[in-house]
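As structure tokens, the structure follows; a few thoughts come after it.
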Amino acid sequence: MHSVRFLFLPMVLSLLLSGCAQTRETSSTIFAMNTVMELTAYGDSGQQVLDQATERIYQLEHLLSVTDENSDISAINHGEGAWVPVSQETFQLLSLALSYGRETQGALDITAYSAVHAWGFTTGEYRVPGPEELAELAARIDYTQVELDPEGCRVRLPQGMQLDLGSIAKGWASDLLAELAGGEPAIFNLGGNVRTAGDKPDGSPWRIGIQTPEAGSSGYLGVLELTGSQAVITSGGYERYFEEDGQTYWHIMDPDTAAPARSGLTSVTVIGADGTVCDALSTALFVMGPEEAADFWRAHPELGVELILVLEDGTVQITQGLEETFTLSQDRTMEVIAP
Ligand code: ADP
Ligand code: MG
């Protein structure tokens, strides 16, 4: 009797497991927006979702790329101070980026692009500009100078200024992809910016690894478990950086100095339902630094986001809402930020 039961249980379990695994999983990897993207969709329409998602990403890249001469962003940057007509999508994202610029008091400033370019982050020809050049560059960073004409769907930028939407585009794209999945479960990883859609078909939570931020290191800092549609967006000094004379310089700029933001943080992960908000904040809070970032989070409960901050000394700080869902996988000090 006993032995029969013991034999029976593993059989039932394996049937259950194979039953779950029957939900088809389709994945593809593409290179777009300067990064590797992994797209996964579940169910019979998975391949269709991925095909549409891929097409959409290339379409957005074509509109938003700062290096594509035919993009809306290039047209704005070469506008010589004149009004430039753009697509509705570009206009919408620009409006959002400017509103987050205001909300973060200029920590997010899309006109930081001249500095990003001068430091060589777009070309790979890295250099450290001198103090005079930095002062000149800083004088050309001011998002309040970007003019929008909603009726004509036009944008005007003063001569000598340049902008880019790299700080927010992938989060926004990830929201559009989640929408496109049409209620089917999917997970999109756009170069470390993760967006889930729906619940995982096997009922388990989405498990998302948060990358170790220290330059040159690899592996996961920890794992986050989530259910439903969420964005997990990280900005860090480890993605695009170079080293010179023992200093590390990265691609997130302090708009006040036109130099890489050195605020005491090595990475900021923002978790929330809106990928665009999370992406905007990941960049802005990185510029602000740990104290200001925690204050911003306390002051804006309406945004519904949670944070994982990694400090320069390796300490991890998480906001209280993540206490149950984030697990460290490295030996580090972890602190909880209370509301
Ligand atoms: P990633 O795109 O690497 O995931 P971010 O979302 O933080 O990282 O965006 C970084 C990009 O945003 C840079 O490549 C640059 O083009 C632009 N950028 C840099 N500093 C700022 C800033 N302070 N505000 C807005 N955009 C910025
Ligand atoms: Mg960002």
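Data for the structure
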| read-out | value |
| --- | --- |
| Residue that is most open to solvent (accessible area, probe 1.4 Å) [pool: residues in the stretch 159-176 that are over 14 Å from the mean Cα position of the chain (by Cα) and of a type in the set (A, V, I, L, M, F, W, C)] | Met161 |
| Complete set of residues in the stretch 138-187 that are acidic (Asp, Glu) and part of a loop (DSSP other than H, G, I, E, B) | Asp142, Glu151, Asp164, Glu184 |
| Yes/no for Gly304 being within 16 Å of ligand 2 (Cβ to nearest atom) and in contact with a strand residue (DSSP E or B) (Cβ under 7 Å, 6 or more places away or on another chain) | no |
| Pair list, Cβ < 8 Å and 6+ apart or interchain, from the stretch 21-41 residues that are at negative phi to residues that are among the aromatic types (Phe, Trp, Tyr) and buried (at least 16 other Cβ atoms within 10 Å of the Cβ) | Thr23/Tyr42; Arg24/Tyr42; Glu25/Tyr42; Thr26/Tyr42; Met37/Phe188; Glu38/Phe188; Leu39/Phe188; Thr40/Phe188 |
| Members of the stretch 112-151 found to be within 19 Å of Arg240 (Cβ to Cβ) and without any contact (Cβ under 8 Å) to a residue 60 or more places away in the chain, listed by number | Tyr113, His117, Thr122, Thr123, Gly124, Glu125, Arg127 |
| Some residue of the stretch 184-194 being surrounded by fewer than 19 Cβ atoms within 10 Å (Cβ to Cβ), modelled with pLDDT under 95 and away from ligand 1 (no atom under 15 Å from the Cβ) | yes |
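Yes/no per residue for (1) touching a strand residue (DSSP E or B) at 6+ places or on another chain (Cβ under 7 Å); (2) at positive phi; (3) of a type in the set (S, T, N, Q); (4) surrounded by 23 or more Cβ atoms within 10 Å (Cβ to Cβ):
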residue	(1), (2), (3), (4)
Arg240	yes, no, no, no
Gln247	no, no, yes, no
Met253	yes, no, no, yes
Arg262	no, no, no, no
Val268	yes, no, no, yes
Thr276	no, no, yes, yes
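The values are calculated or read from the model by the stated rules, or taken from the named source; none is laboratory data. Because the structure is predicted, anything quoted here is derived from the model rather than measured. Glycine also receives a Cβ, built like all others from the backbone with ideal geometry; neighbour counts cover every protein chain displayed. Surface accessibility is based on the protein's heavy atoms, side chains included, excluding ligands, DNA and RNA. Shrake-Rupley method; radii C 1.70, N 1.55, O 1.52, S 1.80 Å.
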